[in-house]
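K.L.:
I have a structure here, written as structure tokens, and I will follow up with some questions on it.
The values are calculated or read from the model by the stated rules, or taken from the named source; none is laboratory data. These figures come from a predicted structure and were not determined experimentally. Note that each Cβ is placed from the backbone with ideal geometry, even for glycine, and that neighbours are counted across all protein chains shown. The protein model used for the area step is the full one, side chains on, heavy atoms only, and it has no ligands, DNA or RNA in it. Shrake-Rupley method; radii C 1.70, N 1.55, O 1.52, S 1.80 Å.
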Amino acid sequence: QVQLVESGGGLVQAGGSLRLSCAASTRTFSRYSMAWFRQAPGKEREFVAAITWSGAKIHADSVKGRFTLSRDNAKNTVYLQMNSLKPEDTSVYYCAAADTYLGSNFRAYDYWGQGTQVTVSS
């Protein structure tokens, strides 16, 4: 079992920045691909970004150039640096972990955090 705990969400003005963190409780953190998804009220869960154990990354087109995903395997933590935030980025952001998968299909991820709210005001 892998437990994921997100932090760093909050209220920010458009154009501002936030950094989300996701701490994992597992001794084998480095083997997992990690991802961020988001879900706004009334909308489907949306892929944001993912990173493999070795650091290979993919980002959704909607966040390319603004969001950066990174991980620190020594700290069992993955980070999502969000810059140039827009009101349409307002969502609950979820961290997820998958064994040997890197992609945007949320059904392929085995473990999920409880989510952290990000609100961007205009």
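K.L.:
Within segment 49-77, track down each residue that is under 21 Å from residue 3 (Cα atoms) and either open to solvent by 70 Å² or more (accessible area, probe 1.4 Å) or touching a Leu at 6+ places or on another chain (Cβ under 7 Å) (or both).
P.N.:
49, 50, 51, 52, 53, 54, 69, 74, 75
K.L.:
Here's another thing I want to ask about it. What strands (runs of 3 or more DSSP E) completely inside segment 47-122 contain at least 1 residues that are touching a residue at least 12 places away in the same chain (Cβ under 8 Å) and of a type in the set (Phe, Trp, Tyr)? If you could, list the steps in order and put the result at the bottom.
P.N.:
Numbers: elements: 57-59, 67-72, 77-82, 91-99, 116-121.
So the answer is 67-72, 77-82, 91-99.
K.L.:
Can you tell me which residue in segment 7-42 is nearest to residue 96 (Cα to Cα), limited to those that are in a loop (DSSP other than H, G, I, E, B) and touching a residue at least 24 places away in the same chain (Cβ under 8 Å)?
P.N.:
Within segment 7-42, the subset in a loop (DSSP other than H, G, I, E, B) is 8-9, 14-17, 26-28, 40-42.
Now restrict to residues that are touching a residue at least 24 places away in the same chain (Cβ under 8 Å): 8-9, 14-17, 26, 40.
Numbers: 8: 16, 9: 16, 14: 26, 15: 26, 16: 25, 17: 22, 26: 13, 40: 17 Å.
Checked segment 7-42; the qualifying residue nearest to residue 96 (Cα to Cα) is 26.
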